[in-house]
Every structure is written in C-alpha cells, then in structure tokens.
Amino acid sequence: MATVPPPADPESDPRVRAVFDDIRATRQTDFINNVWLWLAFDPALLEEVWRDVKAVLATPSALDPKTKEMIYAAVSIANACDYCTHSHLASARARGMTGAEQADLMRVVATASKTNALLNAIRPPVDAAFLAPPAGPSP
C-alpha cells in the first residue's frame, strides 16, 4: 500500500512535465511507470531520483545495460524491494537476459545472501590481501 498519494494531474507541474518528457525521450516510450508517478508528489525528489537513475542506468559506461539491470535486480532482491525486483528483471529480460542467466543470477543472490548471513554471524577478520587498494580508473 502506498504511503503517499500520487498527484491527480502530475504533468500540470512544469518540473514534473520536464522529467516525464525526459523519461519518455530517454526510454523511447510514452510509458511512465508508477515509480515516477508517485515520486511526482515532490517535484524536487522526482528530479533528483531521475537524475541519479538516468546517470547510472541510461548513460553508457564500462558495464553494459543488461548487466546493470541484473545488478540492480540483485540489489533490489537483497533489499526486499518487490517493485524494483520486478521492474529491473523485466528491463534485464528486455535487454536480452535469458532464462538461464536469470537462474544464475538467482543462484548468485541466494549464495551471497547465505554466505553474508554466515559471515555476519561469525565475523572473521578480512584477509590483508583483500584490503589492497583498488586499481585506478583505466585511461
């Protein structure tokens, strides 16, 4: 059950309309899903969330779009966000995720959840080899 009501006519607000127009253009669809409709209750929050999501998911980077959607789905599963789990699995499928890849994703999520719980319970020290600084950005 929603904790805030969506605005009755969200696009009457020019800030909301601008975000919705950008969503339509970026995603090449007229569909505005419920996340954006409900976030329109606060135009500033809508702008902020869309800016961040667009920067990560719709901007070319070292990760391909399908992988990004699969990671987003995995984090959504771990955080128990039903909406995001469904949305990002659908997006991953639309970007070519196969049934076999989804099954592997579920295995990884399940195994990570199990080992995370075990290691949080026993708290072994982190090996020094794992504490090395990460490699810098590639040129």
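The values are calculated or read from the model by the stated rules, or taken from the named source; none is laboratory data. Computed from a predicted structure; not experimentally measured. Note: ideal-geometry Cβ built from the backbone for every residue, glycine included; neighbour counts use all protein chains shown. All accessible areas refer to the heavy atoms of the entire protein, side chains included, with ligands and DNA or RNA removed. Shrake-Rupley method; radii C 1.70, N 1.55, O 1.52, S 1.80 Å.
Probe of 1.4 angstrom, ligands and nucleic acids ignored: what's the accessible area per residue over the chain, in square angstrom?
69
In sequence order, what are the phi-derived ³J(HN,Hα) couplings for region 49-64 according to the Karplus relation 6.51 cos²θ - 1.76 cosθ + 1.60 with θ = phi - 60°, rounded to whole Hz, with x for glycine and proline?
Going residue by residue, I get 5, 4, 4, 5, 5, 4, 4, 8, 8, 10, 9, x, 8, 5, 9, 6 Hz, with x marking Gly and Pro.
Among (i) 56, 43, 31; (ii) 71, 36, 28; (iii) 36, 36, 34, which one is Cα extents along the principal axes in Å computed from these coordinates?
Structure-derived value, by its label: (i).
Taking only Cα atoms and a 10 Å spring cutoff, compute GNM fluctuations for the chain and point out the largest among Ala55, Ala112, Ala129.
Of the options given, Ala129 has the highest mean-square fluctuation.
Setting aside same-chain residues fewer than 8 positions from Lys66, which aspartates and glutamates have a Cα under 13 Å from its Cα?
Straight-line reach from Lys66, under 13 Å: Glu101.
Using the Karplus curve 6.51 cos²θ - 1.76 cosθ + 1.60 with θ = phi - 60°, work out ³J(HN,Hα) for each residue of region 105-113 in order, rounded to whole Hz, and write x for Gly and Pro.
4, 5, 5, 5, 4, 5, 5, 4, 4
With +1 assigned to the C-beta of every Lys and Arg and -1 to the C-beta of every Asp and Glu, and no other charges, what is the dipole magnitude of the chain about the Cα centre in debye, to the nearest 20?
Once rounded to the nearest 20, the dipole reads 480 debye.
Karplus couplings for region 116-124 from phi (6.51 cos²θ - 1.76 cosθ + 1.60, θ = phi - 60°), rounded to Hz, Gly and Pro as x?
For region 116-124, the Karplus curve yields 4, 4, 4, 5, 5, 6, 9, 6, x Hz.
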